[in-house]
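Visitor: Can you read through this structure? Questions will come right after.
The values are calculated or read from the model by the stated rules, or taken from the named source; none is laboratory data. Treat the numbers as computed from the prediction; the structure is a model and nothing was measured. Glycine also receives a Cβ, built like all others from the backbone with ideal geometry; neighbour counts cover every protein chain displayed. Protein only, heavy atoms only, side chains kept; ligands, DNA and RNA dropped before computing areas. Shrake-Rupley method; radii C 1.70, N 1.55, O 1.52, S 1.80 Å.
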Amino acid sequence: MKISLKQLAVFVAVARSGQVAKAALQLSLSPPATSMSLQELERQLACQLFIRKGNRLLLNARGEHLLPLAMDILDRVEDVEQSFNPNSGVFAGSIRISASSTIGNYLLAGASVKFQLEHPQSNCELLIGNTQKVITSILEGHSEVGYIEGHCPDRRLNVSLWHQDKLVVFCAPEHRFANQTVSAQHLMDVPWVLRESGSGTREVFVNTMLEQGVQPQLAFSFNTADAIKQAVKQGGGLGVLSGLIVNEEIAKGWLAPVVIDNVNLDRSFYRIHHKSRTLSALASHFDQFCVERWLT
């Protein structure tokens, strides 16, 4: 069996784009050459790697197994090329990072800009979504490393503690609970404005309240922090977001904190990556940069 790097690169490009034509464009190959390379790979492996759905190619079980392995091989080749580069002390290349909303918008957006300014030959592509979208992005090979706020049960992924955060409950300044400490039971019938399903913030908060015997009554659900803050200001109910998002507005008096007695709203942020894929040197350096230079 003589699998080539070109065949693996074609496979990864098709897996990411879902179409031979798009993969060919990314690789600067003709569509026939791309299709032939993919067919030869499947012939050598004696199995199909995709199923066709409409005009898209979707990975089957064999393809899903191969994807992280193929990407890991290509990453290692890139690391070898980088180590023998005359400018080997220079971090160069591209990394794709996924992060859930709070981490992406309030930590990694700034960190990726600063990292690229210090390493002009690098490129950080940051994709921001909720926790479930980040997990999916890692599993499907669209991102090399992900940073999430919620629970990750998928055993195909390595999960490690990355940073600590604190959720803050808040309300409009004129709300009866503004700047008050209340028991969890006082919030039994209070309307809430929460993030959408799949959000790590919502998952952590709801699970914490359920441990107190309280099922938060959902009045409104939004997929952005700004929408939640505006809804709370208009009297839509209580909200809960990371202190990274609301502390400044609380300090200015635009929102008011609500403390829930004897309820710990500390939470952890996690780094995830596929078990079959070792982090590239560039991704490892970016992660180290964030931990040592950006989060301290």
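Visitor: What FRET efficiency comes out for L25 versus A46 if R0 is 30 angstrom and r is the Cβ-Cβ distance? Round to the nearest 0.05.
Guide: 0.55
Visitor: Right, here's the next one. Rolling a 1.4 angstrom probe over the protein heavy atoms, how many square angstrom per residue are accessible across the chain?
Guide: Per residue, the chain has 50 Å² of solvent-accessible surface.
Visitor: With 10 Å bins from zero, work out the P(r) of the chain over every alpha carbon pair and list the percent per bin.
Guide: Going out from 0 Å in 10 Å bins, the chain shows 6, 24, 27, 21, 14, 8, 2, 0 percent.
Visitor: So which trypsin sites (Lys or Arg not before Pro) in the stretch 201-296 pass both tests, a DSSP loop state and at most 15 other Cβ atoms within 10 Å of the Cβ?
Guide: For trypsin sites (Lys or Arg not before Pro) across the stretch 201-296 that sit outside H, G, I, E and B with at most 15 neighbouring Cβ atoms in 10 Å, the list reads K252, K275.
Visitor: Sort 67-77, 99-109 by the packing proxy (mean of other Cβ within 10 Å over each peptide's residues), most packed first.
Guide: Output ranking for 67-77, 99-109: 99-109, 67-77.
Visitor: Which FRET efficiency value, to the nearest 0.05, do you get for V80 and E196 by plugging their Cβ-Cβ distance into 1/(1 + (r/R0)^6) with R0 = 45 Å?
Guide: It comes to 0.60.
Visitor: With a 1.4 Å probe and all protein chains left in place, how much of the accessible area of the chain comes from carbon and sulfur atoms, in whole percent?
Guide: Carbon with sulfur: 52 percent of the solvent-accessible area.
Visitor: Okay, next question. Provide the per-residue ³J(HN,Hα) series for the stretch 15-27, in order, calculated from phi with Karplus coefficients 6.51, -1.76, 1.60 and θ = phi - 60°, each as a whole number of Hz, with x at glycine and proline positions.
Guide: Karplus-based 3J(HN,Hα) across the stretch 15-27 equals 4, 6, 8, x, 9, 5, 4, 5, 5, 4, 5, 5, 9 Hz.
Visitor: Take the Cβ-Cβ distance between E174 and L244 as r, set R0 to 25 Å, and report the resulting FRET efficiency rounded to the nearest 0.05.
Guide: Between E174 and L244 the formula returns 0.50.
Visitor: Below 13 angstrom from the Cβ of A23, what's the summed charge of the other residues (Lys, Arg +1; Asp, Glu -1)?
Guide: The answer is +4.
Visitor: Okay, next question. Just how large is the dipole of the stretch 107-256 about the Cα centre, in debye to the nearest 20, putting +1 at every Lys and Arg Cβ and -1 at every Asp and Glu Cβ?
Guide: Rounded to the nearest 20 debye, it is 200 debye.
Visitor: Tally Lys/Arg at +1 and Asp/Glu at -1 over every other residue whose Cβ is under 14 Å from the Cβ of E203; what's the total?
Guide: It works out to a net charge of 0.
Visitor: While we're on this one: Sorting check: for 59-66, 40-47, which peptide has the highest mean count of neighbouring beta carbons within 10 Å, and how do the rest follow?
Guide: 59-66, 40-47
Visitor: Count charges around I95 for me, please; just the other residues with Cβ under 13 Å from its Cβ, Lys/Arg as +1, Asp/Glu as -1.
Guide: So the environment of I95 carries a net charge of -4.
Visitor: Among G253, F220, S280, whose Cα lies farthest out toward the positive end of the dipole of the stretch 205-296, if unit charges sit on the beta carbon of Lys, Arg (+1) and Asp, Glu (-1)?
Guide: It is S280.
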